[in-house]
Amino acid sequence: MISPEQVDQAASMLAAARKGKGNPLPGLPDTARPQSEADCYAIQDAVMHKLGETVGGWKVGFSPDGGILCAPIYASAVHPSPSVMPASAMHMIGIECEIGFRLGKAFAARAAAYTRDEVLAAAALHPTIEVVDSRYVDFRSLDRLQVLSDNVSNGGLVYGAAASGWEGMDLVHPPIEVTADGKDFAECTGLRAGDPLGLLVDLVNFVANKRGGVPAGTFVTTGTHTGLIFTDPGVTIRADFGSLGKVEVSFPR
């Protein structure tokens, strides 16, 4: 566990990188490097406080330590489709097409875990594109805890209209076609993380009890079906999820 002073040092560096007050970071210094997932969550919270941001959503994945890990998506970075995100504001432009959910009720901390039925009763499904950006020069060269501290390289979330009739569908292998300026861009190979509904339920219980609760309206994105693909300034990305809807984001120069 690192000290509050070390958390503040790491958060100050990441917040400055987000504000554009410095070049992307090669990494966090030894004096401010997280040693546990708990350290990462403390850094996430401190960065958010320094920036005056609030949580609009969460991204979720599996932790090698067991269970899940998560990272906040700032409310200011959640956008309805079609969305425009200026490329000049980004260090890199990565794309991940994902099944997302929006929760229509709040979930507070409680002793008993929320059941799958309770969570799904409050969930609307949305096709989404997670936009990947980083405050590091090359996040792929760093250890996972430094990346987790930087919200797992989240740069934003673009969501399409709520889908209907998705209950009972195969959400691990939805039919997603992705284009960049009308040309084939990415292959949908299925959700590497497994069942998106299970991840949603686990996320709600984790955040409700360990990250301050889940407000109504929160988005949850459950992992990439396409892998991480990088694109260029000036491009428009469209993802067609078939009966689940469409989502679009442009990155003007």
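Restricting segment 120-153 to residues that are part of a helix (DSSP H, G or I) and in contact with a Cys (Cβ under 8 Å, 6 or more places away or on another chain), which is farthest from GLY57 (Cα to Cα)? Per the stated criteria, the residue is LEU145. For segment 15-41, residues that are under 27 Å from LEU199 (Cβ atoms) and open to solvent by less than 40 Å² (accessible area, probe 1.4 Å) total 6. Among the residues of segment 125-146, those identified as surrounded by fewer than 19 Cβ atoms within 10 Å (Cβ to Cβ) and either free of Cβ contacts under 8 Å to residues at least 24 places away in the same chain or over 17 Å from the mean Cα position of the chain (by Cα) (or both) are VAL137, ASP138, ARG140, SER141, ASP143. Return a yes/no flag: does segment 79-86 have any residue that is in contact with a helix residue (DSSP H, G or I) (Cβ under 7 Å, 6 or more places away or on another chain) and not in a strand (DSSP E or B). No, segment 79-86 contains no residue that is in contact with a helix residue (DSSP H, G or I) (Cβ under 7 Å, 6 or more places away or on another chain) and not in a strand (DSSP E or B). Taken as a whole, the condition of being among the charged types (D, E, K, R), in a loop (DSSP other than H, G, I, E, B) and out of contact with any His (no Cβ under 8 Å at 6 or more places or on another chain) applies to ASP170. Here is a list: ALA15, ALA71, ALA75. Which entry is over 17 Å from the mean Cα position of the chain (by Cα), of a type in the set (A, V, I, L, M, F, W, C) and under 26 Å from THR218 (Cα atoms)? Of ALA15, ALA71, ALA75, the one residue that is over 17 Å from the mean Cα position of the chain (by Cα), of a type in the set (A, V, I, L, M, F, W, C) and under 26 Å from THR218 (Cα atoms) is ALA15. Quick one: how many residues across segment 83-104 are of a type in the set (Ser, Thr, Tyr) and either open to solvent by 20 Å² or more (accessible area, probe 1.4 Å) or without any contact (Cβ under 8 Å) to a residue 24 or more places away in the chain (or both)? Of the residues in that region, 1 qualify. Scanning segment 52-74 for residues that are surrounded by fewer than 16 Cβ atoms within 10 Å (Cβ to Cβ) and at pLDDT 95 or above yields a count of 2.
Filtering segment 189-217 to residues that are in a loop (DSSP other than H, G, I, E, B) and either open to solvent by less than 40 Å² (accessible area, probe 1.4 Å) or free of Cβ contacts under 8 Å to residues at least 24 places away in the same chain (or both) leaves GLY190, LEU191, ALA193, GLY194, ARG211, GLY212, GLY213, GLY217.
Only one entry of PRO4, PRO80 meets the criterion of being within 27 Å of THR179 (Cβ to Cβ), exposed (fewer than 12 other Cβ atoms within 10 Å of the Cβ) and either in contact (Cβ under 8 Å) with a residue 24 or more places away in the chain or over 20 Å from the mean Cα position of the chain (by Cα) (or both), and that entry is PRO80. The set of residues from segment 192-235 being at positive phi and either hydroxyl-bearing (Ser, Thr, Tyr) or at pLDDT 95 or above (or both) comprises GLY213, GLY217, GLY234. The residues of segment 218-246 that are of a type in the set (A, V, I, L, M) and either buried (at least 18 other Cβ atoms within 10 Å of the Cβ) or over 15 Å from the mean Cα position of the chain (by Cα) (or both), listed by number, are VAL220, ILE229, VAL235, ILE237, ALA239, LEU244.
The values are calculated or read from the model by the stated rules, or taken from the named source; none is laboratory data. In this text the structure is predicted, and so the values were computed from the model without any measurement. Because the Cβ atoms are built from the backbone with ideal geometry, glycine has one as well, and the counts that use them run over all protein chains shown. The protein model used for the area step is the full one, side chains on, heavy atoms only, and it has no ligands, DNA or RNA in it. Shrake-Rupley method; radii C 1.70, N 1.55, O 1.52, S 1.80 Å.
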